[in-house]
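Read-outs throughout are calculated quantities, based only on the coordinates presented, and are distinct from any laboratory measurement. These figures come from a predicted structure and were not determined experimentally. Cβ placement follows ideal geometry from the backbone for every residue including glycine, while neighbour counts extend to all protein chains displayed.
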Amino acid sequence: MAALSPLELEVARLIISTLNLEGVVAEDIDPDAPLFGEGLGLDSIDALELALAISNTYGFQLRSDDTDNARIFASLRALSQHIEQRRTR
Amino acid sequence: MSRQWVKLPERGTGAALGLIYWLGIRLGRTTGRLLLYPITLYFLLTAAIPRRASREFLRRVLGREPGYRHIFRHLLCFAATLLDRAYLLAGQTERFDIQIHGGQLILDQMASGRGCILLGSHLGNFEVLRVLGVTLCHFPLKVLMNIDHNQVITRFANALNPEIAATIIPIRGPETLLKARESLEEGCMIGTLGDRVVADDRIMHCRFLGKPTRFPAGPILLAAMLRCPVFLAMALYRGGNRYEIYFERLADVIVLDRRQRQANLQYWTQRYVDRLEYYVRSAPYNWFNFYDYWQEDGF
């Protein structure tokens, strides 16, 4: 399993603290595993909660009409890359 | 097991629904309503799961063993509202005598320009509310809906009224509630039904008709995250061409304390369930959850 980049680790920690994922260690998250459904098993309520946290932390909004959503939500790595591109802080 | 309703009632009513819509629009409401009697009788005799579900529910709400005539009346009430849905979607609202209670709450909320959540149920016909809101009042209303396992109903509804079809937010994938948030920020009302648990829903156990019952936690969680008011919305069929719509303020804002999240969630979900029970008792034959509602009871 690939090691996490600093931003991936930061986003992993944000996910864990925002969603109260007990027993999940940031360093152990597979950056290429799915976040929703399989993998971490997040649902649409988690997605909204996470989107709110991302907008507070990184200063931009995830949008429902982004045609890249399937890719953005696919994994920790993809989400982190998207944050890297869009962050305003 | 909890997927049971997904396939059964929709499949069971799917064929009948097509028939009812087709006949209803072509033959008119009077003839359509007469035809509901043999159609309902057919379902009473052949559809074991809705029949069993109806009996179980009526036994609980009436407090005695229901007879076939009660179950027939229950299924007929459902069929009548399905037929009326065809007229409503076709824009024929003038056929109906619709009384609205608490409408000022919604008018005031809309005037404020802020969005809100309309929390409904499968008690009665939410479609009445939707059609009136969207086509007559031009309220910005979006409805969260499971459309994937609801295809027959959705297809007919879309064909009858594309304007209504455009107001659906399909429950599908992580962006579902992002869409709900964006709509709310534009000042929309978000309609959602709080009385059915679907496969992966987070659940709360609430007291309902004297029994521990599972309810989805989603609507209250959504309201808490979006920090918006929640209004209870029920549209009950009162027989003939009469409908009554009820609005109540359930919460101005729902705050889930981080340390007491579960307890707060429980409190608000139970508040909804208590009001639901009140309306269920006022119109028991409007209960349109024809599946084994208490399947995993006893916790």
CD proxy at 222 nm, helix term only [per DSSP H run n ≥ 4: -39500 (n - 2.57); per residue of chain B; nearest 500]: -16000 deg cm²/dmol
Choose one answer from B:LEU129, B:LEU45, B:LEU250: the residue with the largest mean-square fluctuation in a GNM of chain B with alpha-carbon springs under 10 Å. B:LEU45
Amide H of B:LEU123: which non-local residues (sequence gap of 5 or more, or other chain) have their own amide H closer than 5 Å, using H built in the peptide plane? B:PHE288
Classify chain B: rounded, prolate or oblate, from the alpha-carbon gyration tensor (a ≥ b ≥ c, eigenvalue square roots; a/c under 1.5 rounded; otherwise prolate if a/b is larger than b/c)? oblate
Exposure-ranked with fewest Cβ neighbours within 10 Å first, A:ASP65, B:ASP201 stand as A:ASP65, B:ASP201
How many Cβ atoms of partner chains, on average, are near each residue of B:164-175 if near means within 10 Å of its Cβ? 4
Among B:ASP274, B:ASP292, B:ASP84, rank each residue by its count of other Cβ atoms within 10 Å, from fewest to most, as a rough exposure measure. B:ASP274, B:ASP292, B:ASP84
Checking rank on B:59-72, B:88-101, with mean other Cβ inside 10 Å and highest first, the result is B:88-101, B:59-72
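To the nearest 20 debye, what is the magnitude of the charge dipole of the range A:6-86 about its Cα centre, counting +1 on the Cβ of each Lys and Arg and -1 on the Cβ of each Asp and Glu? Spell out each step's value before the answer.
Values: 5 positive and 15 negative charges, 58 e Å.
Around 280 debye, computed over the range A:6-86.
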Which percentage, to the nearest 5, of the DSSP beta bridges contained in the protein assembly as shown is antiparallel? 40
Residue order, fewest to most beta carbons within 10 Å, for B:HIS205, B:HIS138, B:HIS74, B:HIS122: B:HIS138, B:HIS205, B:HIS122, B:HIS74
Across peptide A:55-67, how many C-beta atoms of other chains are within 10 Å of each residue C-beta, on average? 2
Compute log10 of I(q)/I(0) for the protein assembly as shown with the Debye formula, placing one identical point scatterer on every Cα and leaving out solvent, at q = 0.10, 0.11, 0.13 Å⁻¹, to two decimals. -0.70, -0.83, -1.11
The rounded separation in angstrom of the Cα centers of the range B:256-298 and the range B:33-87 is 23
Average other protein chain Cβ within 10 Å of Cβ, residues A:40-49: 6
Using a Förster radius of 30 Å, what is the FRET efficiency between B:ARG64 and B:ASP252 based on their Cβ-Cβ separation? Nearest 0.05, please. 0.15
Sorted by chain and number, the residues with a modelled amide H under 5 Å from that of B:LEU250, at a separation of 5 or more or across chains, are B:VAL230, B:PHE231, B:LEU232
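Provide the FRET efficiency to the nearest 0.05 for the B:GLN260-A:ASP32 pair, computing r from the beta carbons and using R0 = 51 Å.
In this case the efficiency is close to 0.90.
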Where the Cα atoms of the range A:6-86 are projected onto their three principal axes, how long is each span, largest first, in whole Å? 32, 23, 21
Compute the separation of the alpha-carbon centres of the range B:177-200 and the range B:90-141 and state it in Å as a whole number. 16
Phi-derived 3J(HN,Hα) across the range B:27-34 with the Karplus relation (6.51, -1.76, 1.60, θ = phi - 60°), rounded Hz, x for Gly and Pro, is 9, x, 6, 4, 5, x, 5, 5
Extension gain (nm, one decimal) between B:ASP200 and B:SER282, 0.36 nm per residue minus Cα-Cα: 26.4 nm
Kirkwood Rh, Cα atoms: Rg over Rh of the range B:19-91: 1.04
What nm value, rounded to one decimal, do you get for the distance between B:ASN146 and B:THR31 when each label is placed 7 Å out toward the C-beta? 3.6
Estimate the FRET efficiency between A:ASP68 and B:LEU107 by the formula 1/(1 + (r/R0)^6), using the beta-carbon distance for r and 45 Å for R0, to the nearest 0.05. 0.70
Please list the non-local residues whose amide H lies under 5 Å from the amide H of B:LEU141, H modeled 1.01 Å from N, same-chain partners needing a gap of 5 or more. B:MET189
Return the calculated 222 nm mean residue ellipticity for chain A, to the nearest 500 deg cm²/dmol, obtained by summing -39500 (n - 2.57) across DSSP H runs with n ≥ 4 and dividing by the residue count. -15000 deg cm²/dmol
With label points set 7 Å from each Cα along the Cα-to-Cβ direction at B:ALA48 and B:GLN99, the distance between them in nm comes to 4.2
Short version: ³J(HN,Hα) in whole Hz for each residue of the range B:79-90, in order, from phi by Karplus 6.51 cos²θ - 1.76 cosθ + 1.60 (θ = phi - 60°), x for Gly and Pro, what are they? 4, 4, 6, 5, 4, 5, 4, 4, 5, 5, 5, 7
Across the range B:233-242, in residue order, what do the Karplus-derived ³J(HN,Hα) couplings come to in whole Hz, using 6.51 cos²θ - 1.76 cosθ + 1.60 with θ = phi - 60° and x for Gly and Pro? 9, 10, 10, 9, 8, 10, x, x, 10, 9
Fraction of beta bridges assigned by DSSP in chain B that are antiparallel (%, nearest 5): 45
